[in-house]
Amino acid sequence: MRLYCKRIQKDQPMTKPSDICYSHGFNNEHESEALKGALPIGQFNPQKCPYGLYAEQFSSTAFTAPKHENRRTWMYRIRPSISMGDYSPIDKGLLRTAPLNGQPCPPNVMRWDAQPITETPTDFIDGLTTVAANGDANTQIGIGIHLYSANKDMENRYFCNADGELLFVPEKGELTARTELGLLHVKPGEILVIPRGIKFQINPMGEPIRGYLCENYGSPFTLPERGPVGANGFANQRDFCYPTACFEDSEQSSCLVTKFCGELYQAELDHSPLDVVAWVGNSAPYKYDLSRFNVINSVSFDHPDPSIFTVLTSPSDTPGTANMDFVIFPPRWMVAENTFRPPWYHRNVMSEFMGLVHGVYDAKEKGFEPGGMSLHNCMTPHGPEAEVFEKASNTPLSPQKYDNTLAFMFESRYVIAPTEFSLHSTTKQKDYLDCWANLNKHFDGKA
Ligand code: FE2
């Protein structure tokens, strides 16, 4: 389907989210043009493009990646991306990138309260704070985990991340993502993914914004296999929303901030880099409403592995062992009989970083607040707090709806190391271990 979208100038911002139109379908070959006839038909790079546009291929996988994994988009733009000044390094603030050389990674369970939103005017770039990381960005393995927080627009600044794909999990406030390929409106309860290398702005819509940001150094996120579940269920392809073309034909000066090999660089432009008039391809930003996740759960007995709640996965070279899985714990019915329904006690080769968008997480009724986070690394034991264990072991097992809750997990095969900032943050809880202190001995040797 070819979509015609009205031209939206920087000085004529859209006024409401319903002004934005989307194209649907995960990893589809989407196509869109903001001016009729701007998209070449039947070929990608004609001798002269319509409207005098430049053709530019954007590849987020190798040219030779297998067809089902290949991601690329053809952009038809006012100026090619190389129309820019040289980069100069700038201060990276609290942004960090793996490997975190020399940083100790204790095996303790760790948990943090939410970071307060600053009252100092802060845009998306300046508000980025890295809390953990693993792998090595330069070898395209692992992830960075950041918190974002902003209370002002990026104005004439644009951002681009060469180190990884970005997965936003908003927790507070609605935002507009102005990207090369179009606009997206995103609010808590939804996620946003921006491919490695796409230029964009993140601007609050009124209220300050806060949330979690996973920087995926590895292979792009895809949908997990469904196996015997069949052709439908979990996150369905049709519910993923892609932007449609809109462009800024502006000759005001701007600057592009790029994250590259863990450092920030800035380059001056004499125009807006969001000047793509038409595009076709499958490498593009997308958003997804997590309430559309079709939850599949036990209807007989036993608590299934949390992998059944996987929304997106970044595979590693080892089948079934992800560079990063994005897993949610959404509202759902619990009906399993003769079953301890909260997550069981366990130790896992995978490392688990958790956050909470809203409500209460079923394994931790106290101390895990929206905007907070916890870290349970490889082989670190964890499970329900003592009070949850007692309650879940004795409560009558009638069908129960877990409602008004949305926790999530970034789960990785690589140990997730906290940054110096998070190890020494005043929000780090000193008493997290105490929630298991009252796990009483019930064993008395009698059957
Ligand atoms: Fe766990």
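The values are calculated or read from the model by the stated rules, or taken from the named source; none is laboratory data. Bear in mind that the values here come from a model prediction, so they are computed numbers and not experimental data. Note that each Cβ is placed from the backbone with ideal geometry, even for glycine, and that neighbours are counted across all protein chains shown. The protein model used for the area step is the full one, side chains on, heavy atoms only, and it has no ligands, DNA or RNA in it. Shrake-Rupley method; radii C 1.70, N 1.55, O 1.52, S 1.80 Å.
Separation of region 364-392 from region 406-445 is 7 Å, based on Cα centroids. Using only alpha carbons, region 102-242 has a radius of gyration to Kirkwood radius ratio (Rg to Rh) of 0.99. The Kirkwood hydrodynamic radius of region 203-341, based on inverse pair distances between different Cα atoms, is 19.0 Å.
In terms of accessible area, using a 1.4 Å probe and ignoring ligands and nucleic acids, PHE234, PHE200 rank largest first as PHE234, PHE200.
Per-residue ellipticity at 222 nm from helix content only, as computed over the chain with -39500 (n - 2.57) for each DSSP H run of at least four residues, stands at -500 deg cm²/dmol. When the alpha carbon gyration tensor of region 139-195 is reduced to an equivalent ellipsoid, the three semi-axes, largest first, read 19, 15, 12 Å. The Kirkwood radius of region 204-262, taken over pairs of alpha-carbon atoms, gives through the Stokes-Einstein law at 37 °C and 0.692 mPa s a diffusion coefficient of 192 µm² s⁻¹. Lysine pair count for region 295-447 (Cα-Cα distance under 21 Å; residues 8 or more apart in sequence or on different chains): 11. Annotation for region 158-190 versus region 245-263: alpha-carbon center distance of 15 Å. Take ARG341: with every protein chain present and a 1.4 Å probe, its accessible area is about 10 Å². On the beta carbon distance between CYS21 and LEU223, with R0 = 22 Å, the FRET formula returns roughly 0.40. Taking a sphere under 13 Å around the Cβ of ALA132 and counting the other residues whose Cβ falls inside, with K and R at +1 and D and E at -1, yields a net charge of -1. Normalising by residue count, region 1-158 has a Cα convex hull of 230 Å³ per residue. Whole-Hz ³J(HN,Hα) for each residue in region 194-205, computed from phi via Karplus 6.51 cos²θ - 1.76 cosθ + 1.60 with θ = phi - 60°, x for glycine and proline: what do you get? The phi angles translate into 10, x, 3, x, 6, 8, 7, 10, 10, 10, x, 9 Hz. One chain, two ends: THR120 and ILE308. Fully extended at 0.36 nm per residue, the span grows by 63.6 nm beyond their Cα-Cα distance.
For region 270-398, the equivalent ellipsoid derived from the Cα gyration tensor has semi-axes of 35, 17, 17 Å, listed largest first. Summarising the label geometry, the points placed 7 Å from Cα in the beta-carbon direction at ARG347 and GLU263 lie 4.2 nm from one another. Basic side chains Lys and Arg get +1 at the Cβ, acidic Asp and Glu get -1 at the Cβ, and with that the dipole of region 155-309 about its Cα centre reaches some 400 debye.
For region 118-206, the relative contact order comes to 29 percent (Cα pairs under 8 Å, sequence separation of at least 6).
Amide H contacts for SER272 (H built 1.01 Å from N in the peptide plane; partners 5 or more residues away or on another chain; cut-off under 5 Å): SER250, GLN252.
Please grab the % of Cα pairs in the chain that end up more than 34 Å from each other. I get 33 percent for the Cα pairs in the chain exceeding 34 Å. Within region 267-339, the ratio Rg/Rh, alpha carbon atoms throughout and Rh by Kirkwood, equals 1.20. Projecting the Cα atoms of PRO228, ILE194, PRO204 onto the dipole axis of region 187-249, where Lys and Arg carry +1 and Asp and Glu carry -1 at the beta carbon, places PRO228 farthest toward the positive end. Pick out, from VAL299, PRO396, THR426, the residue whose Cα sits farthest towards the positive end of the charge dipole of region 277-427, with +1 on the Cβ of Lys and Arg and -1 on the Cβ of Asp and Glu. It is VAL299, whose Cα lies furthest towards the positive end. Taking every C-alpha pair closer than 8 Å and separated by at least 6 residues, the mean separation divided by the residue count of region 43-158 gives a relative contact order of 20 percent. For the chain, the relative contact order works out to 20 percent when only alpha carbon pairs closer than 8 Å and six or more residues apart are counted.
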